[in-house]
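The values are calculated or read from the model by the stated rules, or taken from the named source; none is laboratory data. Please read these numbers as outputs of a predicted model, since none were measured by experiment. Glycine gets a Cβ as well: all are built from the backbone with ideal geometry, and neighbour counts include every protein chain shown.
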Amino acid sequence: MQTKLPKVGTTIFTTMSQMANQYQAINLSQGFPNFPIDPLIEDLLAKNSKENVHQYAPMAGLPVLLEGIAQMVHRVYQRDINPSTEILVTSGATQGIFATLQALVHRGDEVVILDPAYDCYSPAVHLAGGKPVHIPMREDFTIDWRELRQTVNQKTRVLIINNPHNPSGKMMDKEDFDALVQVMIDHPNLILCSDEVYEFITFEKKHFSAHNHEILRNRSVIVSSFGKTFHITGWKVGYLIAPEYILKEIKKVHQYLVFSVNSVAQKTLADYISGTDVTTLGKFYQDKRDRFKELMAKSKFEFLPSEGTYFQTVRYNTISNLPDVAFCEWMVKEMGVAAIPLSVFYEERNDYHTIRFCFAKTDETLIQAAERLCKI
Ligand code: PMP
Ligand code: GLN
C-alpha cells in the first residue's frame, strides 16, 4: 500500500514507555506526572458523573468552561477574549494543532518548524498537503532568527513556535519575542501557531506569550493543554485561542474531526478552573527540577538549562560515545531508567548526545532514579 506518512513509525513516547514497562525501569521518558491529582478534581468528577452531563457538549465547548477559560486568560494575561467566538475546546492540544493545520494549510503551503520539534507537527502538515520546512535551533536550543528570516517566504502559511519548549526546556527571551513580532510584521499573511502548553510551568524567566502582544494576538492560534496545567494528561482536554476569523475555519475541521469533547471532563474542568490559581504551578515544578538536580549532583551527566516545562535535558559525552537512541536503550535495559533521546525530534537526526528526563515525578521516584543514574 502506498503510505501517506512513509517516514512515520511508532512515537518515541510509546516506544520508551513500553521499554520501561518491559524492563521494569523507572520511567522518566514520556512526559506525564506519576503523583496523585488534586482530590478536588476527583470529587468534582464523581459529582458530575451523577449529573445530567452525559450527552454531546456544544461543538466549541461547554459554555461554562469557555467562560472559565476566558476568565483565567483575563486573570493571567489581562487579555479579554470573547468566549463564544475565540475559544475552542479540543481533545488535547494534539487535536487542536491537527485541526489548525488542516484548516489553514493548503496544498503546497510551507509550514516552518523549529527542530528539535514536538513530534505531532510535521505529520499534520504532510496530511494537509503542506510542506514542513525544518530549521534547526542552535546547539544550545536558541533560535537562529537570521536563518528563520531567510526561510520564511511568500509560500509560508504557518510558523510553529513552542514556548516553553519541549524537549529542551528552553524559553524565549525578550529579544526572541521581538524578533518573532518583526517576522510577523514583515509577512502579513503568515499565521503563528503558538504552542504554549507549558505556559504555566515556567521558572526564573518571564514567559513571553502570544497573548501579550497585539500583533501576535490578532494573527495567532494559541495552544493550551489542561493535561499539563492540572496534571491530567490522560483526560486529553486542551483548547485553542484565536481571533474569530481564524477560529471559524478551525471549527469547520473540528466539527467533523471530533464534533465535541468529553462532556463530563469539560463540566468538571469548568467547576475546577475558577477556584484554581495556575500561577503556583511554576514554583511546584521548579522545586522538582531543583530536587532532581541536587539528587544528581554526583552524576556524570551535564545538565543543560531547564527554564520551563517538566523536562531536564542532559549531555552524556563524558559517559559514552553511543548515539542517543542506543544510549537510551542501554540505559533502560542495563540501568533501569528510561529517558527520551533528542535526535528523534530533528528532521536531520542531529545527535548532540543529549537526552531528556521528565521530572514530573514523586520525590521517591526521583530519588530512586537518581541513585541508579549516579552509578553510570
Ligand atoms: N505540544 C507539546 C509541546 C507537548 O509537549 C504536548 C504534550 N506532550 C502536546 C503539544 C500535546 O498535548 P496534549 O496531551 O494535550 O494533546
Ligand atoms: N508530550 C509528552 C512528552 O513530550 C508525550 C505525549 C505523548 O505521548 N504523545 O513526553
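Could you count how many residues in the stretch 171-216 are of a type in the set (Asp, Glu) and under 22 Å from Pro243 (Cβ atoms)?
Of the residues in the stretch 171-216, the ones of a type in the set (Asp, Glu) are 173, 175-176, 178, 186, 195-196, 199, 204, 214.
Then drop every residue that is not under 22 Å from Pro243 (Cβ atoms), which leaves 178, 186, 195-196, 199, 214.
Selection size over the stretch 171-216: 6.
Here is a check on your reading of the model: is His54 under 21 Å from Trp235 (Cα atoms), surrounded by fewer than 19 Cβ atoms within 10 Å (Cβ to Cβ) and more than 16 Å from ligand 1 (Cβ to nearest atom)? I'd like the intermediate steps shown before the answer.
Working: under 21 Å from Trp235 (Cα atoms): yes; surrounded by fewer than 19 Cβ atoms within 10 Å (Cβ to Cβ): yes; more than 16 Å from ligand 1 (Cβ to nearest atom): yes.
Considered against the rule, which asks whether it is under 21 Å from Trp235 (Cα atoms), surrounded by fewer than 19 Cβ atoms within 10 Å (Cβ to Cβ) and more than 16 Å from ligand 1 (Cβ to nearest atom), His54 comes out as yes.
Filtering the stretch 61-91 to residues that are over 18 Å from Val278 (Cα atoms) and of a type in the set (Gly, Ala, Ser) leaves Gly61, Ser84, Ser91.
How many residues are assigned to a loop (DSSP other than H, G, I, E, B) and either over 21 Å from the mean Cα position of the chain (by Cα) or not aliphatic (A, V, I, L, M) (or both) when one looks only at the stretch 4-59? Please lay out each step first, then the result.
Keep residues of the stretch 4-59 that are assigned to a loop (DSSP other than H, G, I, E, B), which gives 4-11, 23-25, 28-38, 50-59.
Then drop every residue that is not either over 21 Å from the mean Cα position of the chain (by Cα) or not aliphatic (A, V, I, L, M) (or both), which leaves 4-7, 9-11, 23-25, 29-36, 38, 50-59.
Number satisfying all stated conditions: 29.
Among the residues of the stretch 259-279, those identified as charged (D, E, K, R) and more than 23 Å from the chain's Cα centre (by Cα) are Lys267, Asp271. Across the stretch 46-97, the number of residues qualifying as over 22 Å from Ile161 (Cα atoms) and aromatic (Phe, Trp, Tyr) comes to 1.
Being of a type outside the set (Gly, Ala, Ser) and without any contact (Cβ under 8 Å) to a residue 40 or more places away in the chain is the requirement here; does Phe357 meet it? No, not satisfied. Total residues in the stretch 153-189 satisfying the condition of being within 16 Å of ligand 1 (Cβ to nearest atom) and of a type in the set (Ser, Thr, Tyr): the figure is 1. Contact map, the stretch 129-146: residues that are of a type in the set (S, T, N, Q) paired with residues that are part of a strand (DSSP E or B), Cβ distance under 9 Å, separation 6+ or inter-chain. No pairs are found. Considered as a group, the residues in the stretch 234-247 that are hydrophobic (A, V, I, L, M, F, W, C) and in a strand (DSSP E or B) include one that is farthest from ligand 2 (Cβ to nearest atom), and that residue is Ile241. Against the conditions (1) within 27 Å of Ser224 (Cβ to Cβ); (2) part of a loop (DSSP other than H, G, I, E, B), Thr313 satisfies every one except (2).
Per the listing His207, His231, the residue uniquely modelled with pLDDT of 95 or more, in a loop (DSSP other than H, G, I, E, B), on the phi > 0 side of the Ramachandran plot and within 20 Å of the chain's Cα centre (by Cα) is His231.
For the subset of the stretch 131-183 comprising residues that are among the β-branched types (Val, Ile, Thr) and part of a loop (DSSP other than H, G, I, E, B), which member is surrounded by the most Cβ atoms within 10 Å (Cβ to Cβ)? Show your work before the answer.
Residues of the stretch 131-183 that are among the β-branched types (Val, Ile, Thr), as a first pass: 133, 135, 142-143, 151-152, 156, 158, 160-161, 181, 183.
Going one step further and asking which of them are part of a loop (DSSP other than H, G, I, E, B), we end up with 142-143, 152.
Working: Thr142: 14, Ile143: 22, Val152: 19.
Residue satisfying both the conditions and the ranking: Ile143.
So that you can scan it fast, the table gives a plain yes or no per residue for (1) assigned by TED's automatic domain parsing to the domain that holds Leu257; (2) within 16 Å of ligand 1 (Cβ to nearest atom); (3) touching a helix residue (DSSP H, G or I) at 6+ places or on another chain (Cβ under 7 Å):
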residue: His74; (1), (2), (3): yes, no, no
residue: Asp80; (1), (2), (3): yes, no, yes
residue: Ser84; (1), (2), (3): yes, no, yes
residue: Leu88; (1), (2), (3): yes, yes, yes
residue: Gly92; (1), (2), (3): yes, yes, yes
residue: Thr100; (1), (2), (3): yes, yes, yes
residue: Arg107; (1), (2), (3): yes, no, no
residue: Glu110; (1), (2), (3): yes, no, no
residue: Ile113; (1), (2), (3): yes, yes, yes
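Scanning the stretch 308-321 for residues that are away from ligand 2 (no atom under 16 Å from the Cβ) and within 24 Å of the chain's Cα centre (by Cα) turns up just one, Arg315.
Between Ser306, Ser260, which is part of a loop (DSSP other than H, G, I, E, B) and within 19 Å of Arg356 (Cβ to Cβ)? Full working, then the answer.
Numbers: Ser260 fails: within 19 Å of Arg356 (Cβ to Cβ).
Going through Ser306, Ser260 in turn, just one is part of a loop (DSSP other than H, G, I, E, B) and within 19 Å of Arg356 (Cβ to Cβ): Ser306.
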